[in-house]
Each structure stands twice: as C-alpha cells, then as structure tokens.
Amino acid sequence: MLACYTVRSNISLSSSRRTTTIYNALCVRKTFAVSHVPSVLSSRKFSTSPGPQKSWVDRLPQKVQPYVHLTRIDKPIGTLLLFYPCAWSITMASYALQTPYTVPLTYMSLFGLGALVMRGAGCTINDMWDKNLDKAVDRTRDRPLARGDITQNQALVFLGGQLAAGLGVLMQINWYRQPHIFYSIFLGASSLSLVTIYPLMKRITHWPQAVLGLAFNWGALLGWSAVAGSADWSVCLPLYAGGVCWTLVYDSIYAHQDKNDDVHAGIRSTALLFGPQTRPILTGLAVSSLSLISYAGYLNSQREAFYIGIGLASLQLARVIYRTNFDDRSSCWNGFVGSGWAGFWIWMGALGDYGMLMSS
C-alpha cells in the first residue's frame with residue numbers, strides 16, 4: 001500500500017484517469033507478489049530435512065562417498081562406544097595378570113581397529129534392514145540406501161568386505177596360542193547374531209536398545225579372553241551387565257531425537273516407552289551401570305584410581321541426564337555424545353590402576 005500511495009502522490013491530479021490506471025496496475029502487481037510470500041516462508045518453516053551435513057567424506061571421489069557415509073566413519077562416537085567396553089576388559093585383565101605393557105597396547109590397537117570395522121558393518125546391516133523406515137524419519141532419510149545412492153546388492157557386497165576385514169582382525173587374537181584362538185573366534189563371532197537382529201527389534205519391542213547393549217558390550221567378554229585366553233566370568237559378567245545398562249542410557253537419549261517420526265513410522269524404542277519418566281528411569285539405569293562396573297572392579301581387586309574413574313563417570317552421567325532436553329534434537333545428540341565420556345573415565349581409572357601397579 002505504501003508503494004501505491006507513493007505513485008498516487010507523485011502523479012499530477014489533472015491526469016486522474018491515467019493515475020488510476022497506473023495505481024491499479026501497481027497494486028495488482030504488489031498484491032500478487034505479497035500473496036506468494038507466505039507460501040515460500042511456509043515451505044521454509046516446515047522443511048525439516050535440509051540434507052546431510054557436509055563433512056570430509058564429501059571431498060572424497062563421488063563413487064566412494066555413499067559407502068563411506070554408510071559406515072558413519074565421520075561420526076566416531078559410535079566406534080568409541082563400541083571400543084570402551086573392550087578397553088575396560090583388556091585393561092582389567094592386564095591388571096589382574098600383571099602382563100607387560102606390550103599386551104594391552106597390542107590388544108587395544110587390534111580392538112580399536114576391530115571396533116572401527118565392525119561398527120561400520122553394523123551400520124550397513126542396520127541400513128539394509130531399515131531402508132524403508134529411514135525414508136519416513138527426517139534425520140535418516142538422506143542415508144545412502146534410503147536415498148537410493150547405492151542398491152541393496154551393492155551394500156551386501158560391501159558388507160561382505162567389512163565382515164571379511166572384521167574376521168581378519170579377530171583371527172589375530174591369540175593366533176600364537178592354538179587352543180585359545182578357537183575360543184576367541186567363537187566368542188567374537190557369536191556377537192554377530194545380535195548385530196543382525198537388532199534392527200528387527202525396533203519393529204516388535206520397545207526394548208531394541210537392550211539388544212544393542214548386548215551387542216555393543218560384547219567386548220567386555222572378548223577383551224578379557226584375548227588377554228587371558230578365556231573369560232573370567234565372575235568379573236566379565238557384571239562388567240558386561242553394567243555396560244548394557246550404560247548403553248540403555250545413551251541410546252535412549254539418542255532415540256529421543258526421532259521419537260515424533262518414530263510414532264508415525266511404527267518404530268518402537270525406550271524413548272517412547274519411558275516418555276515423561278525418562279529422566280528418573282535413566283538415573284536408575286546409570287546407578288545400576290556404575291554399581292555393576294564397580295562390583296566387577298571389586299571382584300578384580302581394583303584400587304583407588306579405578307574408583308576415581310567411576311566417580312568421574314558418575315558426575316558425567318549425572319550432568320548429561322540433568323541437562324538434556326529430551327524434546328530438543330540437538331540437546332539429545334549432545335547428551336548422547338556426552339554419555340560416551342563416562343566410558344572414557346572408567347577406562348582411565350582402570351588404566352591408572354594398571355600403570356601404578358606396573359610401575360611399583
């Protein structure tokens with residue numbers, strides 16, 4: 001209207017007919033433009049899938065990018081969460097047996113590589129199962145399989161390569177101790193069934209996070225067997241159970257990112273099950289996790305450094321659970337990543353005990 005008023009004021013009154021014509025033409029043009037602004041703004045407001053964030057992977061050759069994105073290698077938190085239970089177990093076994101430094105260093109290197117490879121394989125399996133479900137979830141619709149960047153057959157061939165690499169790493173465990181190599185291979189390969197069925201669980205139960213915990217903490221069993229030749233179940237089982245509870249904490253926070261889309265897609269999770277009671281339930285799970293891991297430390301005769309690590313992990317989980325806004329996606333992501341630091345501090349505590357023992 002301001003533009004129309006300006007045109008009217010600058011045109012001579014003597015040519016009123018021409019003024020009226022120009023005025024009407026300008027108003028029509030302005031009305032047309034303004035009428036189209038809300039639709040543009042509306043599309044911006046409700047567009048919730050801006051596409052994947054750029055990372056170093058996007059600078060790789062075009063044909064390679066979908067496969068690297070499939071492994072989520074640009075998001076190392078998943079690899080770390082898989083590695084930490086391995087590191088706990090390797091370090092605690094090395095402490096119990098007073099092995100030389102080369103033993104934990106060797107096995108932590110192997111398990112670190114194995115965690116990188118098998119986390120990528122797990123992501124491939126997950127995305128192959130969830131191709132259609134991922135299309136219905138805003139955060140996952142741009143994953144390579146959901147977007148059609150690669151086919152199921154291509155992903156299957158790629159998975160074969162990942163599993164072969166994982167088997168190659170597993171074969172290095174206890175290769176020089178012939179009776180024990182089969183124990184470690186059998187124990188390690190047993191976790192693959194859990195990795196395979198995990199994506200199916202979100203279709204039939206609200207507890208897929210528990211199955212993920214069983215798979216992701218398998219290193220608490222395998223790490224000890226790598227060092228000692230077999231697992232000490234009296235220590236490994238409470239350590240494993242504590243890790244499962246820890247996974248329930250961080251993956252429930254992770255699941256809150258997608259809870260609105262999950263309802264419409266028919267995906268089940270502990271985030272939907274816990275609902276408004278998420279904070280107190282996660283608090284109970286965190287207490288259970290740290291209590292079980294502390295009990296494993298007690299059975300392994302751990303010293304002060306280990307329990308200092310437990311204390312730091314407690315503070316970290318308390319901070320995450322208290323500060324996370326479960327209705328905000330970015331806050332949930334930060335809480336998920338922050339939960340990983342609890343695993344780091346537990347490892348540092350065990351490592352401190354081992355270091356002091358070996359230096360005394």
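The values are calculated or read from the model by the stated rules, or taken from the named source; none is laboratory data. Here the structure is a predicted model, which means the values were calculated and not measured. Here Cβ is always computed from backbone atoms with ideal geometry, including for glycine, and neighbour counts include all displayed protein chains.
Taking the conditions (1) at pLDDT 95 or above; (2) of a type in the set (A, V, I, L, M, F, W, C); (3) buried (at least 16 other Cβ atoms within 10 Å of the Cβ) in turn, Leu97 satisfies each one other than (3).
Keeping to the range 214-252, report how many residues are of a type in the set (Ser, Thr, Tyr), assigned to a helix (DSSP H, G or I) and surrounded by fewer than 22 Cβ atoms within 10 Å (Cβ to Cβ).
From the range 214-252, those of a type in the set (Ser, Thr, Tyr) are 225, 230, 234, 240, 247, 250, 252; that's our starting set.
If we keep only those that are assigned to a helix (DSSP H, G or I) as well, we get 225, 234, 240, 247, 250, 252.
This time we only want the ones that are surrounded by fewer than 22 Cβ atoms within 10 Å (Cβ to Cβ), so: 234.
The qualifying residues number 1.
Taking every residue in the range 81-103 that is under 26 Å from Gly120 (Cβ atoms) and pairing it with any residue that is of a type in the set (A, V, I, L, M, F, W, C) and in a loop (DSSP other than H, G, I, E, B), at least 6 positions away or on another chain, the pairs with Cβ-Cβ distances below 8 Å are Pro85/Trp218. Of the numbered criteria (1) surrounded by 22 or more Cβ atoms within 10 Å (Cβ to Cβ); (2) under 20 Å from the mean Cα position of the chain (by Cα); (3) under 28 Å from Asp232 (Cβ atoms), the one Thr324 fails is (3).
From the list Ala255, Ala286, Ala305, Ala271, which residue is in contact (Cβ under 8 Å) with a residue 40 or more places away in the chain, aliphatic (A, V, I, L, M), part of a helix (DSSP H, G or I) and surrounded by fewer than 21 Cβ atoms within 10 Å (Cβ to Cβ)?
Details: Ala255 fails: surrounded by fewer than 21 Cβ atoms within 10 Å (Cβ to Cβ); Ala286 fails: surrounded by fewer than 21 Cβ atoms within 10 Å (Cβ to Cβ); Ala271 fails: surrounded by fewer than 21 Cβ atoms within 10 Å (Cβ to Cβ).
Sole residue among the options that is in contact (Cβ under 8 Å) with a residue 40 or more places away in the chain, aliphatic (A, V, I, L, M), part of a helix (DSSP H, G or I) and surrounded by fewer than 21 Cβ atoms within 10 Å (Cβ to Cβ): Ala305.
The rows are residues; the columns are (1) over 30 Å from Tyr295 (Cβ atoms); (2) without any contact (Cβ under 8 Å) to a residue 60 or more places away in the chain; (3) of a type in the set (A, V, I, L, M).
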| residue | (1), (2), (3) |
| --- | --- |
| Val169 | yes, yes, yes |
| Ser193 | no, yes, no |
| Gln209 | no, no, no |
| Gly242 | no, yes, no |
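For Asn126, state whether it is over 27 Å from Leu357 (Cβ atoms), in the same structural domain as Leu194 (by TED's automatic domain parsing) and in contact (Cβ under 8 Å) with a residue 24 or more places away in the chain. So that I can check it myself, show each step before the final result.
Values: over 27 Å from Leu357 (Cβ atoms): yes; in the same structural domain as Leu194 (by TED's automatic domain parsing): yes; in contact (Cβ under 8 Å) with a residue 24 or more places away in the chain: yes.
Considered against the rule, which asks whether it is over 27 Å from Leu357 (Cβ atoms), in the same structural domain as Leu194 (by TED's automatic domain parsing) and in contact (Cβ under 8 Å) with a residue 24 or more places away in the chain, Asn126 comes out as yes.
Among the listed residues Asn126, Asn174, which satisfies the condition of being surrounded by 18 or more Cβ atoms within 10 Å (Cβ to Cβ) and in contact with a His (Cβ under 7 Å, 6 or more places away or on another chain)?
Unique residue meeting the criteria: Asn174.
Just one of the listed residues (Gln62, Gln53) is exposed (fewer than 10 other Cβ atoms within 10 Å of the Cβ), modelled with pLDDT under 90 and closer than 30 Å to Ser339 by Cβ, namely Gln53. Taking the conditions (1) among the hydrophobic types (A, V, I, L, M, F, W, C); (2) under 22 Å from the mean Cα position of the chain (by Cα); (3) at pLDDT 95 or above in turn, Leu133 satisfies each one other than (3).
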